[in-house]
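The values are calculated or read from the model by the stated rules, or taken from the named source; none is laboratory data. Since this is a predicted model, take the numbers as computed values, not measurements. Cβ placement follows ideal geometry from the backbone for every residue including glycine, while neighbour counts extend to all protein chains displayed.
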Amino acid sequence: AMAADAWSGFLAEAQSHIPTTFSPRLILLAFVNVPVIAVLVNVLWQLVVPRDKSLPPLVFHWLPFIGSAPSYGNDPLTFFFKCREKYGDVFTYVMFGRKVTVALGPKGNNFVLGGKSKAFSAEDAYTHFTTPVFGKDVVYDVPNEVFMEQKRFVKVGLSTENFRVYVDEIEREVDDFMNRDGAFRIYQMNDINEWASFDVLKVMSEITILTASRTLQGREVRESLDKSFSELYMDLDGGFTPLNFLFPNLPLESYRKRDAAHIKMSEFYQSILKKRKAGSVSHDHDMMAALMDQQYRNGRPLADHEIAHIMIALLMAGQHTSSSTGSWALLHLADNPAIAEAVYEEQVKHFGLSEGQFRPMTYEELRALPILDSVIRETLRVHPPIHSIMRYVREPVVIPPTLSAPSKDSTFVVPKGHYVLACPLVSQMDPKIWRDCETWEPARWSDPEGAAAKAYTEYEDATGEQIDFGFGLVSKGTESPYQPFGAGRHRCIGEQFAYLQLGTIIATLIRKLELRLDADELPKHNFHTMIMLPKDPRTISYRRRHFD
Ligand code: HEM
């Protein structure tokens with residue numbers, strides 16, 4: 001509706017510049033010229049009409065309505081760095097009729113992510129996009145207090161006790177995959193001389209969904225993956241793109257498939273719940289079991305459809321984020337054999353038995369491996385899967401003068417109806433903050449004096465200030481330049497699971513394989529997907545390390 005309003009507003013504006021008495025020839029001329037006039041009006045309006053002093057600077061754009069969408073959409077990082085140079089840390093850009101106010105840097109992150117939910121609403125920014133996929137009555141389809149309770153329920157399922165069981169399950173799943181999938185044919189032939197290659201995103205996507213279903217999603221989902229579930233997942237995923245974000249409902253096949261897949265997926269999870277309730281099999285360690293035991297503060301247990309929809313939300317939240325991070329980590333390891341060897345030696349040191357033989361890791365041991373840990377942490381600095389975090393502005397908010405101000409004694413205000421956007425990627429790649437910011441360098445995380453140590457302490461410090469938004473204590477951490485999992489009340493609750501999953505997958509692969517990058521350089525980011533995936537081609541060569 002907002003987009004339509006903006007569109008008709010701009011048409012009205014353009015038409016008001018056309019004379020009212022027309023000859024047919026003039027009408028034709030005017031018709032042809034409307035787009036030209038619209039562009040002119042839009043440009044003149046930006047250059048000539050004085051801007052309300054309380055509004056942050058507007059990014060100049062030629063096209064009305066569409067605004068800066070192409071620059072943002074093709075490469076938000078370059079777009080934001082350019083805008084920062086011209087306008088400072090706070091500016092507004094137009095994207096398909098929406099006005100988006102960006103706040104950059106650690107203070108900008110804090111402004112957006114630490115904002116009050118009454119003023120900055122995640123549900124108003126996301127629900128049109130997420131609810132058709134996740135379903136009713138969960139996440140952004142409910143008031144924020146209710147969602148915070150749902151995050152608390154999910155955290156019960158993400159317990160350390162469950163994680164202890166998962167390490168082994170993930171390792172076995174990766175093992176089975178390598179012994180079965182066509183990508184690892186040369187490995188399967190027990191050949192330690194020949195190199196072969198695989199598409200890293202394809203392999204990581206499959207391993208991610210296999211391991212997430214074996215653990216969090218539960219046995220029934222894992223078993224169905226070999227059948228109908230994968231197709232449903234693909235259809236649902238096809239409805240989770242930037243196009244869906246911009247236009248929630250278009251008469252397109254992908255939208256119809258999304259809606260049909262949601263109904264089937266929801267029924268599928270609900271049928272599992274019914275069977276579980278009827279049967280006597282125990283499922284102690286998965287998420288559905290945890291959710292079935294929870295109740296809202298008013299004593300009401302979760303309805304089956306709510307559990308089903310939370311499960312879909314978790315599936316979507318964890319899939320591309322983890323598979324993207326894992327892909328980038330493997331690409332960098334392939335590009336830096338010395339670091340891959342250090343990861344390997346770390347495995348040998350802690351778990352090596354004899355040549356090529358390792359004992360399993362425990363969860364506690366896994367989390368105490370500094371090299372493996374820093375590989376993931378550094379990958380999330382350079383390639384945080386989620387680059388833009390948005391909120392809808394429900395009431396005007398004053399921008400702190402320390403972040404941005406037009407002059408010494410005045411302030412900017414973000415008006416109601418704007419969106420605000422935080423981009424932790426900018427502060428994570430800021431040359432003013434990080435030494436050699438472009439270089440993927442896990443060792444920076446073990447330098448106690450470096451920017452990384454400071455950023456990490458600010459982000460994670462359990463001894464610093466902590467807040468409970470309803471799902472347990474989280475570190476305040478909103479002013480850190482390093483925030484791959486967001487911050488504040490919407491902070492990710494999947495972080496520990498992601499580290500566990502990625503750590504186990506990477507360790508298992510590196511125990512068995514040497515890796516090399518196929519191309520001369522790393523692939524670029526594909527910004528046309530919701531998540532910062534590596535562009536095609538993204539193949540990695542591998543060679544088996546040991547005989548069986
Ligand atoms: C929220 C990143 C994995 C579940 C978030 C946010 C970020 C993020 C940036 C904040 C979004 C916002 O403020 O709008 C990541 C990364 C991951 C990852 C980088 C992996 C490398 C997972 C996994 C799960 C998960 C595995 C589930 C098991 C969630 C949930 C939220 C969230 C429930 C809360 C959303 C909210 O409160 O609005 N994640 N995530 N994430 N994530 Fe993750």
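Some notes on this structure:
- In region 508-535, the residues that are within 30 Å of residue 142 (Cβ to Cβ) and either in a helix (DSSP H, G or I) or more than 14 Å from the ligand (Cβ to nearest atom) (or both): 529
- Any hit, region 101-111, residues being more than 12 Å from the ligand (Cβ to nearest atom) and hydroxyl-bearing (Ser, Thr, Tyr): yes
- Options 76, 57: the member that is farther than 30 Å from residue 304 by Cβ and away from the ligand (no atom under 16 Å from the Cβ): 57
- Checklist (1) more than 24 Å from the chain's Cα centre (by Cα); (2) touching a residue at least 40 places away in the same chain (Cβ under 8 Å); (3) away from the ligand (no atom under 16 Å from the Cβ) applied to residue 176, failing item: (2)
- Meets criteria (without any contact (Cβ under 8 Å) to a residue 40 or more places away in the chain, in contact with a Leu (Cβ under 7 Å, 6 or more places away or on another chain) and of a type outside the set (Gly, Ala, Ser)) for residue 153: no
- Checking 420, 426, 393, 398 one by one, the residue that is out of contact with any helix residue (DSSP H, G or I) (no Cβ under 7 Å at 6 or more places or on another chain) and crowded, with 17+ Cβ neighbours inside 10 Å is 393 and no other.
- Counting only residues that are under 18 Å from the mean Cα position of the chain (by Cα) and in a helix (DSSP H, G or I), region 83-109 holds 1 of them.
- Filtered residue count, region 212-227, keeping only those that are more than 16 Å from the ligand (Cβ to nearest atom) and either part of a helix (DSSP H, G or I) or among the polar types (S, T, N, Q) (or both): 5
- Answer residue from region 370-414, given it is assigned to a loop (DSSP other than H, G, I, E, B) and within 16 Å of the ligand (Cβ to nearest atom) and is farthest from residue 489 (Cα to Cα) among those: 383
- Failed criterion for residue 406 (all others in (1) surrounded by fewer than 22 Cβ atoms within 10 Å (Cβ to Cβ); (2) under 18 Å from residue 128 (Cβ atoms); (3) of a type outside the set (D, E, K, R) hold): (2)
- Only listed residue being among the aliphatic types (A, V, I, L, M), within 22 Å of the chain's Cα centre (by Cα), surrounded by fewer than 21 Cβ atoms within 10 Å (Cβ to Cβ) and within 12 Å of the ligand (Cβ to nearest atom), chosen from 505, 493: 493
- Filtering region 115-130 to residues that are farther than 19 Å from residue 397 by Cβ and either surrounded by 20 or more Cβ atoms within 10 Å (Cβ to Cβ) or at pLDDT below 95 (or both) leaves 129, 130.
- Boolean, residue 230 is of a type in the set (Ser, Thr, Tyr), assigned to a helix (DSSP H, G or I) and either in contact with a Gly (Cβ under 7 Å, 6 or more places away or on another chain) or under 21 Å from residue 499 (Cα atoms) (or both): no
- Each residue in region 101-114 was checked for being surrounded by fewer than 22 Cβ atoms within 10 Å (Cβ to Cβ) and farther than 16 Å from residue 84 by Cβ, and 1 pass.
- Selected residue (criterion: farthest from residue 324 (Cα to Cα)) from residues of region 466-501 that are modelled with pLDDT under 95 and of a type in the set (A, V, I, L, M): 467
- Among the residues of region 398-421, at least one is under 21 Å from the mean Cα position of the chain (by Cα), modelled with pLDDT of 95 or more and hydrophobic (A, V, I, L, M, F, W, C).
- Residues (surrounded by fewer than 22 Cβ atoms within 10 Å (Cβ to Cβ), farther than 17 Å from residue 263 by Cα and in contact (Cβ under 8 Å) with a residue 24 or more places away in the chain) located in region 219-245: 219, 220, 241, 242, 245
- Any pair with Cβ under 7 angstrom, 6 or more apart, that starts in region 464-493 at a residue that is among the small types (Gly, Ala, Ser) and assigned to a helix (DSSP H, G or I) and ends at one that is more than 7 Å from the ligand (Cβ to nearest atom) and modelled with pLDDT under 90: 488/478
Yes or no, residue by residue, for (1) surrounded by 11 or more Cβ atoms within 10 Å (Cβ to Cβ); (2) modelled with pLDDT under 95; (3) over 19 Å from residue 93 (Cβ atoms):
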| residue | (1), (2), (3) |
| --- | --- |
| 2 | yes, yes, no |
| 18 | yes, yes, yes |
| 28 | yes, yes, yes |
| 38 | yes, yes, no |
| 46 | yes, yes, no |
| 52 | no, yes, no |
| 55 | yes, no, no |
| 58 | yes, no, no |
| 70 | yes, no, no |
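- The set of residues from region 402-440 being without any contact (Cβ under 8 Å) to a residue 60 or more places away in the chain, touching a Lys or Arg at 6+ places or on another chain (Cβ under 7 Å) and within 22 Å of residue 119 (Cα to Cα) comprises just one member, 416.
- Among the residues of region 282-300, those identified as loosely packed, with under 14 Cβ neighbours inside 10 Å and either over 30 Å from residue 167 (Cβ atoms) or polar (S, T, N, Q) (or both) are 282, 295, 297, 298, 299, 300.
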